[in-house]
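What follows is a single structure, written as structure tokens, with notes after it.
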Amino acid sequence: MTQGIDWTSTLLVLLILGSYLLSFTDLPQRMQLWRYSSYIRKRIVQLTEIEEDSRRKALKHLKKVGVSDPKAVIDGFVNNFFLISPVDIEPTDIIKRLRHLLRGREESVRAYVKEKLPQADDITLQNSEVILEITSALTLINKIIKHYYKLGLKYNNWILMMQLALELQQIVSLAKSYDDAMDSFTLGKPIGDGAGPLVVHYLKGGAKPKEIAKETVVYFAEVNGRKVYMIKAKGPGSTVGYPGEALQKVVEDLEGKVAKIITVDAALKLESETTGEVAYGVGAAIGDPGPEKIAIERVASKYSIPLHAVVIKMSNEEAIKSMTKEIHDGVLKALDIIKNMIKEGVKEGETVVIAGIGNTVGIA
């Protein structure tokens, strides 16, 4: 007589075996490793496509401006021009050393681009520098992601894989924004980060520029009976200039007789905030590694000058892409706020210095 299968017992044995495998072996970790590595591979394919697209755009731009071998120019740039941070365990004169290194790298990049584009004008050179920098940044991002991916596989480190997977969507989104931003620099269109200089551009009226530091100009005008010195990068090429150095020179030339310093810049918004929101407070509004910002703070504290900041909110992606209507509306709001700050906080006959911080691509 044939007996039927005892399904209850069989199921119980399978549950016990499954529980044992999940509790006393590394099978769950291997499953997690497989799951996250599969996800990361797909994102690496996306990053590679973005990197290749940026190279195509860079090749097209360099051919357009007369470079005979653009591929060699891109490869030569991407693999060079890194920066090693100064020693920070001994903070004495670290700002001076950092400034020296940053400007040394800038000069090296400039010399390289000038050598490859000897007939190009300053605007083309500046925009080409940024295009090469973007291509280099995307290549570096791709390399770093692949490094951690292979490291996780090499040591079966599913936690490292999980951390990388959780961050990757944001990294891919930022990389895509860098790639999209290349169109702005090839066409010379203003970007979100140009909000600060655009405020100065509107405020200066018909005032004439005077170069006060490298790639940085100052305008002088009278606004409601107040003397206003306005600083921004030169433009319309892609440059941020040296606003800290320029502001320091202006204040020193005025022997510290300044009623107020106002800095205006783009600022990273929170996800709960709306693009184009304007906020104002105290301090130097400048996204700088240190040298330019500290120059502003030092001269303000030296002469006890009130230091005010006005910021236009935007995301990382919006800062490097073509300026949107929302950001432009924020620029107009910031302009009204600054005019009011001059009118209400500065007496007639007194002097105020304003610095528009940011990239001046497309802004004359």
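Since every read-out is calculated from the coordinates, none of them should be taken as a lab result. Here the structure is a predicted model, which means the values were calculated and not measured. For neighbour counting, all protein chains shown are included, and Cβ atoms are generated from backbone atoms with ideal geometry for every residue, glycine included.
Assuming charge only on the beta carbon of Lys and Arg (+1) and of Asp and Glu (-1), the dipole of region 27-187 about its Cα centre is about 700 debye to the nearest 20. Taking the Kirkwood radius as Rh and the Cα radius of gyration as Rg, region 192-356 has a ratio of Rg/Rh equal to 0.94. Taking amide hydrogens as placed 1.01 Å from N in the peptide plane, the amide H of Ile354 sits under 5 Å from those of Tyr229, Met230, Ile231, Ile262, each at least 5 positions away in sequence or on another chain. The length gained by stretching the chain between Glu255 and Ile16 to full extension, at 0.36 nm per residue less their Cα-Cα distance, is 77.7 nm.
Largest first, the three principal axis extents of the alpha carbons in region 71-126 are 43, 23, 12 Å in whole numbers. Across the alpha-carbon atoms of region 180-269, the computed radius of gyration and Dmax are 14.0, 45 angstrom.
In the chain, the convex hull through the Cα atoms has an average projected area of 27.0 nm², a quarter of its surface area. Computed from backbone phi, the HN-Hα couplings of region 349-363 come to x, 7, 10, 10, 10, 10, 10, x, 8, x, 7, 9, 4, x, 10 Hz, rounded to whole numbers (Karplus: 6.51 cos²θ - 1.76 cosθ + 1.60, θ = phi - 60°; Gly and Pro given as x). Scanning the chain for DSSP H helices at least 27 Å long along the axis (C-alpha atoms) with a Kyte-Doolittle mean no lower than 0.5 picks out 158-187. Residue-wise HN-Hα couplings along region 84-92, as the Karplus relation 6.51 cos²θ - 1.76 cosθ + 1.60 with θ = phi - 60° gives them from phi, are 9, 5, x, 4, 10, 5, 10, x, 4 Hz; Gly and Pro carry x. Region 320-353: which trypsin sites (Lys or Arg not before Pro) are DSSP loop and have at most 11 other beta-carbon atoms within 10 angstrom? Passing both the DSSP loop test and the Cβ count: Lys347. By the Cα gyration tensor, region 142-184 has an equivalent ellipsoid whose semi-axes, rounded to whole angstrom, run 26, 11, 4 from largest to smallest.
Would you kindly work out the equivalent ellipsoid of region 27-187 from its C-alpha gyration tensor and give its semi-axes, the square roots of five times the eigenvalues, largest first in whole Å? Mind dumping the intermediate values first?
On the way: eigenvalues 231, 105, 28 Å².
They are 34, 23, 12 Å, listed largest first.
Are there chymotrypsin sites (Phe, Trp or Tyr not before Pro) in region 137-232 that DSSP marks as loop and that have at most 16 other Cβ atoms within 10 Å, and which are they? Within region 137-232, the qualifying chymotrypsin sites (Phe, Trp or Tyr not before Pro) (loop, at most 16 other Cβ atoms within 10 Å) are Tyr155. Along the axis of the charge dipole computed for region 27-187 (Cβ charges of +1 for Lys and Arg, -1 for Asp and Glu, origin at the Cα centre), the listed residues Val65, Leu98, Thr48 are led at the positive end by Thr48. Cut-off 10 angstrom, C-alpha nodes, Gaussian network model of the chain. Which of Glu245, Glu317, Glu107 fluctuates the most? Comparing Glu245, Glu317, Glu107 in the GNM, the peak value goes to Glu107. Restricting region 15-106 to chymotrypsin sites (Phe, Trp or Tyr not before Pro) that sit in a DSSP loop and have at most 13 other Cβ atoms within 10 Å of their own Cβ leaves Phe82.
Give the percent of DSSP beta bridges with both residues in the chain that are antiparallel, rounded to the nearest 5. Mind dumping the intermediate values first?
Numbers: 17 of 35 bridges.
Restricted to the chain, the bridges split so that about 50 percent are antiparallel.
Between Leu187 and Lys333, the distance separating the two model label sites (each 7 Å from Cα on the Cα→Cβ line) works out to 2.6 nm. When only the Cβ of Lys, Arg, Asp and Glu is charged (+1, +1, -1, -1), the dipole of the chain relative to its Cα centre reaches about 500 debye. Along the axis of the charge dipole computed for the chain (Cβ charges of +1 for Lys and Arg, -1 for Asp and Glu, origin at the Cα centre), the listed residues Gly205, Val172, Gly76 are led at the positive end by Gly76.
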